[in-house]
Amino acid sequence: MNIKHSLVIPCFNEEGNVEIFFSAAKEAMKGYTEDFELIFVNDGSRDKTGEKLRKLFNENKDVKIKVISFSRNFGKEAAMYAGLNASCGEYTTIIDADMQQRPEVAVQMGKILDMNPEYDMVAAFQEKRKDGKILSKIKTSFYSVINKVSDVHFIEDASDFRTMRRNVVQSIIDLTEYHRFSKGIFSWIGYNTCSIPYQVMERESGETKWSVKKLIKYALDGIMAYTDLPLKLPVYFGAGAAIFDVVLLLSLLVADLAFDKICTAGYLACLIIFLFSVLSVFMGIMGTYIGKIHTQVKNRPVYIAKEILTYEENP
Ligand code: UDP
Ligand code: MG
């Protein structure tokens, strides 16, 4: 079956939104293509989301619907991954269930891909931050830190709301790591991305699933997945301590020779600092190896080829 456009919709406790979303998405997509599918991923909802999705599935046989229900809440990253795995459209959009991201924008993104073969993905970024001042500041600082220490570039206001061609979806599916940080994955896979602004609407019903605790965990996942700098930090500490130790030792020796006063406690401190710096440097060296093992166990492809031109008939 040829599907032009798949929508992947992660849902966690969205009983007040799934029906409204379904009607809005159906309406918007029908104006664009008949060959669309809606993939709802019920991420272990504890409310009536599951029942409502089953009802939508049973009562709307004219629409291609898939509902994947998790055995518990695995998080939005897992839900997106499951949805992408199940999608088969030429284009696939990841979109929230709460109507903060309008299905019409997904259609707009599809049209951009239709008209611009050079783009592989269209990503929507928030035109105006909906976060408060403090959260906004924390997020900006997070991105400036992670961009300094990481190899891939993170775009600050980028969201998961994006439309991808098939090869982009396949590249994401090929990254099978457990601790997923999609903002990093979208950058890591490369491809030519067109960014468009979108206005974040108010949530139709319910409340955001992001608590401060979840945000911190997510930020740590991002840092740990995209930089091994913390593992190497002990080398720098150790080196700094060693330099300080040499300066301290020289001052003690000068004081010793000039004033003929032996400071036993000072020499003892020097010995302790020396031992600390040696240990610290060795920990950093071990960290560097662990960092390499960490990269290896993620088992990412060594490269992603976007296009291959070859003289062979059946390469
Ligand atoms: N979501 C999910 N699993 C979770 C948390 C959220 O599938 O553990 C879904 C949620 O139902 C929504 C989307 O991810 O469709 C975005 O979540 P939310 O609206 O809470 O985030 P915000 O818009 O506040 O950033
Ligand atoms: Mg939301």
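The values are calculated or read from the model by the stated rules, or taken from the named source; none is laboratory data. Keep in mind that this is a model prediction, so the values were computed, not measured. Positions of Cβ are backbone-derived with ideal geometry, glycine not excepted, and every protein chain shown enters the neighbour counts. Just so you know, the surface numbers come from the protein's heavy atoms only, side chains and all, with ligands and any DNA or RNA stripped out. Shrake-Rupley method; radii C 1.70, N 1.55, O 1.52, S 1.80 Å.
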Within region 16-49, the residues that are within 25 Å of Thr208 (Cα to Cα), more than 26 Å from the chain's Cα centre (by Cα) and not in a helix (DSSP H, G or I) are Gly16, Asp47, Lys48
Would you mind stating whether Lys52 is more than 16 Å from ligand 1 (Cβ to nearest atom), part of a helix (DSSP H, G or I) and of a type outside the set (Gly, Ala, Ser)?
no
- more than 15 Å from ligand 1 (Cβ to nearest atom), among the β-branched types (Val, Ile, Thr) and either open to solvent by less than 20 Å² (accessible area, probe 1.4 Å) or in a strand (DSSP E or B) (or both), is that true of Thr140? no
Within region 1-27, of all residues that are aliphatic (A, V, I, L, M) and crowded, with 19+ Cβ neighbours inside 10 Å, the one nearest to ligand 2 (Cβ to nearest atom) is Ile9
Over region 182-211, the set of residues within 27 Å of Phe74 (Cβ to Cβ), open to solvent by 60 Å² or more (accessible area, probe 1.4 Å) and more than 15 Å from ligand 2 (Cβ to nearest atom) is Trp188
Log entry, pairs with first residue in region 55-80 being over 14 Å from Ala97 (Cβ atoms), second being open to solvent by less than 30 Å² (accessible area, probe 1.4 Å) and at pLDDT below 95, beta carbons closer than 7 Å, six or more apart or on different chains, reads Glu77/Arg180; Glu77/Ser182
Scanning region 28-49 for residues that are touching a residue at least 60 places away in the same chain (Cβ under 8 Å) and either open to solvent by less than 40 Å² (accessible area, probe 1.4 Å) or within 14 Å of ligand 1 (Cβ to nearest atom) (or both) gives Ala28, Met29, Thr33
With the first residue restricted to region 271-288 and required to be over 11 Å from Tyr236 (Cα atoms), and the second required to be surrounded by fewer than 14 Cβ atoms within 10 Å (Cβ to Cβ), Cβ contacts under 9 Å at 6 or more apart or on different chains are Ile273/Phe244; Gly287/Pro230
Screening Ser150, Ser159, Ser144 for residues that are more than 15 Å from the chain's Cα centre (by Cα) and of a type in the set (Gly, Ala, Ser) leaves only Ser144
(Q) Yes or no: region 154-176 includes at least one residue that is open to solvent by 70 Å² or more (accessible area, probe 1.4 Å), in contact with a Cys (Cβ under 9 Å, 6 or more places away or on another chain), at pLDDT 85 or above and not in a loop (DSSP other than H, G, I, E, B). (A) yes
In region 143-153, anything free of Cβ contacts under 8 Å to residues at least 40 places away in the same chain and either among the polar types (S, T, N, Q) or not in a helix (DSSP H, G or I) (or both) is listed as Ser144, Asn147, His153
Within region 201-221, residues free of Cβ contacts under 8 Å to residues at least 12 places away in the same chain and part of a loop (DSSP other than H, G, I, E, B) come out as Glu207, Thr208, Trp210, Ser211
Within region 115-137, of all residues that are assigned to a helix (DSSP H, G or I) and exposed (fewer than 14 other Cβ atoms within 10 Å of the Cβ), the one nearest to ligand 1 (Cβ to nearest atom) is Ser136
- [ ] Kindly indicate whether any position in region 60-77 is near ligand 1 (Cβ under 8 Å from one of its atoms), over 30 Å from Tyr119 (Cα atoms) and outside any strand (DSSP E or B).
- [x] yes
Among residues of region 261-315 being small (Gly, Ala, Ser) and over 36 Å from the mean Cα position of the chain (by Cα), the residue most open to solvent (accessible area, probe 1.4 Å) is Ala265
By residue number, the members of region 79-104 that are away from ligand 1 (no atom under 14 Å from the Cβ) and either surrounded by 21 or more Cβ atoms within 10 Å (Cβ to Cβ) or outside any loop (DSSP other than H, G, I, E, B) (or both) are Asn85, Ala86, Ser87, Gly89, Tyr91, Thr92, Glu104
